[in-house]
Amino acid sequence: VDVEVVSPEEPHRKVVFVDTAGMRRRQKVSKMGLEMEAMSVGKSLFAMRRSDVAVLVLDALQGPTEQDFKIADIISNSGRAVVLCVNKWDTLFKETNTMIRYEEGLRTKLRPVQYAAQVYTDAKSGARVPTLFAAVERAFKQHRKRVSTAVLNEVLQDALRRKQPPAGGLAK
């Protein structure tokens, strides 16, 4: 499902959301002989690879799954900007540091996209959904940012001053 969204603040700017929900493991799809679903997954992967920003939606109660990890890896390898959207956040029992622990867990379990912004929403009530749009916009701008060769060289030289690479020879 493709949905076009136009911001009231920026009517000249259009954002297209492509819903790729329900991407099951390839093995399950091929075993079940679901040609239509296999084609749908293929289209979803194509849409993801041509996107500017991918939003990986996770179920707060379920947490990141093996399939979420695989999708995160595909997003990372295709060089897309990414935002992690943890949905159903309102249904989760929370204590003092729940969000901090959850964030750390996501960064550990979804290592290919550990740098990604995380947004905690409840799509049913619409809670914190506007923060998702803002996170997508920030990810888009960061992804488009270009670093000059001079700045890159300066950062690398600074890193080398702090930590010298091992001297020649073979690593053991």
Inset, instruction - Note down the nm distance, to one decimal, between modelled labels 7 Å out along Cα→Cβ at residue 109 and at residue 90. - result: 2.3
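Reported to two decimal places, what Rg/Rh ratio describes the stretch 29-172 when computed on Cα atoms with Rh from the Kirkwood expression?
Working: Rg = 19.2 Å, Rh = 17.9 Å.
Answer for the stretch 29-172: 1.07.
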Legend entry - Spin-label pair residue 43/residue 99, simplified geometry with 7 Å Cα→Cβ offset, distance in nm: 3.7
Inset, instruction - Rounded to whole Å and sorted largest first, list the principal axis extents of the Cα atoms in the stretch 128-172. - result: 53, 29, 16
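Since every read-out is calculated from the coordinates, none of them should be taken as a lab result. Note that the coordinates shown come from a computational prediction; the quantities given were computed from them, not determined experimentally. With ideal geometry, Cβ positions are generated from the backbone for all residues, glycine too; neighbour counts draw on all protein chains shown.
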